[in-house]
Amino acid sequence: MPIGHDGGVTSLQHIHPPLVQCAIETERYVAAAGWDQPVRLFALVETAALLAAEPALAQQLGRDPGADPADALSAIEQDGLPPTDPLEDFLGMLAWPPDVAGAALVVERLVVPPEAEADLPDDPEEAARMLAAHPDRVEVRLVVAVTRDGDSTALLRQRAHDSDDQVAIGKDIAPDLVAALAATLED
């Protein structure tokens with residue numbers, strides 16, 4: 001679960017693989033803060049190793065260091081991010097130490113039908129204004145999570161359907177963002 005999240009581990013860990021479970025918990029943690037948030041970045045670490053290395057954290061969370069499944073992951077938010085615009089430049093500069101098993105990125109975006117993107121101007125600021133004014137725009141929050149071993153998942157929450165039971169989960173939701181985040185884990 002993301003550090004700072006109140007409450008225990010949900011029963012979902014028995015339904016979803018560890019990466020998906022961690023992404024769901026991270027998405028819910030971020031969703032609790034509402035919309036219009038900046039980009040948020042999380043290091044994914046093995047929960048057992050984290051709690052073994054930080055006994056005070058295990059005690060604070062009321063967790064037995066050996067109680068989680070061996071492959072469980074925990075998300076640790078990375079504070080103090082530099083400006084992330086454009087996001088691709090930020091990800092291109094990012095690298096993780098070896099003890100980080102994966103990473104999760106949370107971004108909010110406007111999505112429009114493909115035909116609306118065909119007529120966008122080359123100027124990024126003008127294109128952003130047109131997208132923001134498009135009548136068929138949809139505001140979404142994406143959570144993309146990847147591990148060093150190549151596993152990935154993405155979650156999508158629409159602002160118009162802002163409910164935990166309306167979050168889409170899949171590997172094919174944001175393939176370019178998955179690839180960019182995965183590249184930050186390469187040696």
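Read-outs throughout are calculated quantities, based only on the coordinates presented, and are distinct from any laboratory measurement. Just so we're clear, the structure is a prediction, and the values are computed from it rather than from any experiment. Heads up, the Cβs are rebuilt from the backbone with ideal geometry, glycines too, and the neighbour counts pull from every protein chain shown.
Descriptive notes on the structure:
- Among A23, A118, A174, residue whose mean-square fluctuation peaks in a GNM of the chain (springs only between Cα atoms under 10 Å): A118
- Both radii come from the Cα set of the chain: Rg as radius of gyration, Rh as Kirkwood radius; their ratio Rg/Rh reads 0.99.
- More than 20 angstrom apart: percent of Cα pairs within the range 96-187: 47
- Between V138 and D187, residue separation times 0.36 nm minus the direct Cα-Cα distance comes to 14.0 nm.
- Value of [θ]222 nm, deg cm²/dmol, for the chain, DSSP H segments ≥ 4, -39500 (n - 2.57) each, nearest 500: -8500 deg cm²/dmol
- Per-pair calculated FRET efficiency, R0 = 41 Å: D79 and E115 via Cβ, rounded to 0.05: 0.55
- Length gained on full extension, Q158 to V39, computed as 0.36 nm times the residue gap minus the Cα-Cα distance: 41.2 nm.
- The gain in end-to-end length when the A95 to D165 segment is fully stretched comes to 21.9 nm, 0.36 nm per residue minus the alpha carbon separation.
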